[in-house]
Amino acid sequence: MAESPFPACPLPAGFADSVQLAHGGGGRAMQQLIDGIFRAAFDNPWLQQRHDGAVFELNGRCALTTDSYVVWPLVFPGGDIGSLAVNGTVNDLAMCGARPRYLSAGFVLEEGLAMTTLGGIAASMAAAARAAGVYIVTGDVKVVDRGRADGVYINTAGVGEISAAAPVAPASVQAGDAVLLSGDIGRHGIAVMAARGDLGLETDIASDCAPLAEPVLALIEAGIRLHCVRDLTRGGLAGALVEVAQDAGVAVHVREDDVPVRAEVRAACELLGLDPAYVANEGRFAAFVAAGDAERALALLREHEVSAGAVCIGEVQAAPAAQVTLRGPLGVPRVLDLLHGDQLPRIC
Amino acid sequence: MKFREEYRDPAAARHLVRAINATVTRPWTLMEVCGGQTHAIVRYGIDQLLPDQISLVHGPGCPVCVTPVEYLDKAMEIARRPEVIFCSFGDMLRVPGTAGDLFAARADGAEVRIVYSPLDALDVAREHPEREVVFFAVGFETTAPANAMAVYRAAREGVRNFSLLVSHVLVPPAMEAILGSAASRVQGFLAAGHVCTVMGFEEYLPLAERHRVPIVVTGFEPLDILEGVYLCVRQLEAGESRVENQYARAVRREGNRPAQAVMGEVFTVIPRRWRGMGEIPRSGLGLAPAYAGFDAERRFGAAVPAADTAGECISGAVLRGEKKPPECPAFGVRCTPERPLGVTMVSSEGACAAYYRYRGAA
């Protein structure tokens, strides 16, 4: 193997030789990559918050987050890479309990990208920013040779202000908390898979891509004891719950029958052998709230269109620590764990 | 499409469990043949609903698990050739050969594409006449008809840059091999419903008679499996050994004749090596002489049988129904989906993966 031109970075034993797609799949491989490479190299107290963004003091408490968007196709039912790039970062700030304020946008463009496509993406980002009440205040553009990117990649970063008194983070989750889900799951992942056209699926499933700050801030402003919120992006509901259970050291118990999945999403998942609990969402979150506030929180969430279908799906208990169990339709519980990488359609 | 309402109904499940409890008087060991059934059993906790006397052991019906290592090595060797676009079902990409898997080959620059049907691979061949397009044809009688159809169409249309790397296997000979093994505990089978959708169930009649074992053609939903168990136990308690069809909504006695016809046209029955089970006579399909030109092993060299370096992995015994995943000392400790020692931990239909995914490492 050729010697690396970079400084030495000791890798944990048994680490993969090269980056594979599973390392970006939102499962265990990605967790290992982040812990083994990035957390090891950048270690600091803010990274230890292990949340969707970092929270720190800067003339008041702020949250900072960043995310890159490489979705293909660029346009899919219910959204496009532009709206996704704004909403994804807005939502990561909201999950820190922050009011999103300012975003940056970095573009990597492939030579040959149609100017109308780029203009459309910018217009979509502008509309999403208006809807979320944020401004895109700085940016960057790079153009690479044809073939060295897939049309356009976007990175956005965002800052937001925090008004909540108690930290909204996994460490605040406690036994007895109710687990709320903001609506039906699985639409974004299935919509994007279907839009790629290689499944031969004809469906009108649209992505749930939407900004989530308003319902989350409504909970905080109403004085709901909101302990943690997590959006259900890569890795889906299962990934989000497992991460929170691990980081908080608690048990999360979920009733599968109470998790809403639309019939067409369920049908697509059955055909492909996918579990909707692991399919990506872009407009859904799970909220951990004190049990006594659960009913009031649900009522507040249901006042907002993006969380009109909010339901209680389970509760937090002390044991077994760091584990998520799902009670199935026949009443038998099973363990919900992180997958290695993406779910793969089965053979038969 | 309805799923839960009809076939996952808790009241109906309780009713079937009561019927099983009322029928069973002695211990019985049943094998569900198909990996899809294994996953449903572990996912819904069906084994935990059954009385203690009934033990379910898991069968060899995981297409990924039984594909021998030399075909994975051959797949990677072919995929790494610059002129090749290698197409496969996604599930095969994570299965380790002697060195690495197809995902790793892809990360190294091989053009490996996930397709959802062999006909998609044929489309790739039409779109890239300058490339060699190879499809990895694995699986049981369920996947064989579509793979046969892809070759049949390629032949009729004269698509010459298309070939199959064939590692097809057949279910009844594997059941026969399990019944003939001294270590086998199996007293009744839940046969794989989808395989019978294609093949019907006439070929199971002599098997049931010769080995005096009840065979119940069974579906994949929780109520299907519970009913399959009930029918099988009812036969065992009565000393019967018939073939019964629980999955009548999908399976006819004669199966799907057009699908069988295209399989018969393109493929011929040959001996095959199974990972974990060794060579079984007349247990697989290869391309028939008239279609031998579409055989990737002819174009790129034959797969040479390689030794399974199983080490402490017991996947062979798991696939033969002799052991269950948690009986393995490495399970969840030295063997996980990230660092699998054997294929049954890799495949989404593998028994070890099912236990790990739905019951955790403990």
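If you place +1 on the Cβ of every Lys and Arg, -1 on the Cβ of every Asp and Glu, and leave all else neutral, what size is the dipole of region A:170-336 about its Cα centre, to the nearest 20 Debye?
Computed charge dipole of region A:170-336: roughly 340 debye.
Any idea which of B:L205, B:A107, B:F135 is furthest toward the positive side of the dipole for chain B, if Lys and Arg beta-carbons carry +1 and Asp and Glu beta-carbons -1?
B:L205
When the Karplus curve 6.51 cos²θ - 1.76 cosθ + 1.60 is applied with θ = phi - 60°, which whole-Hz ³J(HN,Hα) does each residue of region A:135-143 get, with x for Gly and Pro?
Rounded to whole hertz, the list is 10, 8, 10, 7, x, 7, 10, 10, 10.
Give me the aspartates and glutamates in straight-line cross-link reach of B:K323: C-alpha distance below 12 Å, same-chain residues under 8 apart excluded.
Cα-Cα hits under 12 Å: none found.
Identify which of B:S283, B:S167, B:S55 has the largest mean-square fluctuation in a Gaussian network model of chain B, with springs joining Cα atoms closer than 10 Å.
Looking only at B:S283, B:S167, B:S55, the biggest GNM fluctuation is shown by B:S55.
Take every residue in peptide B:34-43, count the Cβ atoms of other chains within 10 Å of its Cβ, and give the average of those counts.
2
Long-range amide H contacts for B:R272: which residues qualify at under 5 Å (H placed 1.01 Å from N, peptide plane, sequence gap of 5 or more or a different chain)?
The list, which skips near neighbours in sequence, is B:I280, B:R282, B:S283, B:G284.
Across region A:95-107, in residue order, what do the Karplus-derived ³J(HN,Hα) couplings come to in whole Hz, using 6.51 cos²θ - 1.76 cosθ + 1.60 with θ = phi - 60° and x for Gly and Pro?
5, 8, x, 9, 8, x, 10, 10, 10, 10, 9, x, 10
In nm, to one decimal, how far is the modelled label at A:L271 from the one at B:A261, with both set 7 Å along Cα→Cβ?
Going from the A:L271 label point to the B:A261 one covers 2.7 nm.
Alpha carbon centre of region B:111-133 versus region B:67-94: separation in Å?
A separation of 13 Å, based on Cα centres.
Quick one: among B:E70, B:E237, B:E132, which has the greatest mean-square fluctuation in a GNM of chain B with alpha-carbon springs under 10 angstrom?
It is B:E237.
Determine the relative contact order of chain A: mean sequence separation of Cα pairs under 8 Å and six or more apart, normalised by residue count, in whole percent.
Normalised by residue count, the contact order of chain A is 22 percent.
What does the C-alpha gyration tensor say about the overall shape of region A:271-348? Classify as rounded when a/c is under 1.5, otherwise prolate if a/b is larger than b/c, or oblate.
Oblate is the answer for region A:271-348, as a/c is 1.5 or above yet b/c matches or exceeds a/b.
Where a ≥ b ≥ c are the square roots of the eigenvalues of the C-alpha gyration tensor, would you call region A:170-336 rounded, which needs a/c under 1.5, or, failing that, prolate if a/b is larger than b/c, or oblate?
oblate
Considering only the other residues whose Cβ falls under 9 Å of the Cβ of B:V166, what net charge follows from Lys and Arg at +1 and Asp and Glu at -1?
Net charge in that neighbourhood comes out at -2.
Name the residues whose placed amide hydrogens come within less than 5 Å of the amide hydrogen of A:G151, ignoring near sequence neighbours (fewer than 5 apart) on the same chain.
Distant-sequence amide H within range of A:G151: A:E110.
Extending each Cα 7 Å along its Cβ direction at B:D9 and B:Q53, get the distance between those two points in nm, one decimal.
Rounded to a tenth, the inter-label distance reads 2.8 nm.
Gaussian network model of chain A, Cα springs within a sub-10 Å range: biggest mean-square fluctuation belongs to which of A:A16, A:A122, A:A206?
A:A16
In terms of the Cα gyration tensor, with a ≥ b ≥ c the square roots of its eigenvalues, is region A:134-203 rounded because a/c is under 1.5, prolate because a/b exceeds b/c, or oblate?
oblate
Dividing the convex hull volume of the alpha carbon atoms of region B:1-127 by its residue count, what do you get in Å³ per residue?
For region B:1-127, the hull spanned by Cα atoms encloses 146 Å³ per residue.
Starting at the first residue of region B:219-229, write each ³J(HN,Hα) from the Karplus equation 6.51 cos²θ - 1.76 cosθ + 1.60 with θ = phi - 60°, in whole Hz, x for Gly and Pro.
x, 10, 7, x, 5, 4, 5, 4, 5, x, 4
Any cysteines in chain B with zero other Cys Cβ atoms under 4.7 Å from their Cβ? List them, or say none.
So far as the 4.7 Å Cβ criterion goes, B:C34, B:C87, B:C196, B:C232, B:C313, B:C328, B:C335, B:C352 stand without a partner in chain B.
Along its three principal axes, how long is the protein assembly as shown when you only count alpha carbons? Whole Å, largest extent first please.
83, 64, 47
With every atom except the alpha carbons ignored, what do you get for Rg and Dmax of region A:1-138, in angstroms?
According to the Cα coordinates of region A:1-138, Rg and Dmax are 17.9, 51 Å.
Per residue of B:334-340, how many C-beta atoms from partner chains lie within 10 Å of its own C-beta, taken as a mean?
Mean number of neighbouring Cβ atoms from other chains: 3.
Under a Cβ-Cβ cut-off of 13 Å, what is the net charge of the residues other than B:A351 that fall near it, where Lys and Arg count +1 and Asp and Glu count -1?
Local charge sum for B:A351: +1.
Once you list every other residue whose beta carbon is under 13 Å from the beta carbon of A:G112, what net charge do they have if Lys and Arg are +1 and Asp and Glu are -1?
Here the count lands on -2.
For A:A164, which sequence-distant residues (separation of 5 or more, or a different chain) have an amide H within less than 5 Å of its own amide H, given hydrogens modelled in the peptide plane?
none
Only the coordinates and a few stated rules stand behind these numbers; no lab work does. It should be emphasised that the depicted structure is a prediction, and the values quoted were computed from it without experimental measurement. Note that each Cβ is placed from the backbone with ideal geometry, even for glycine, and that neighbours are counted across all protein chains shown.
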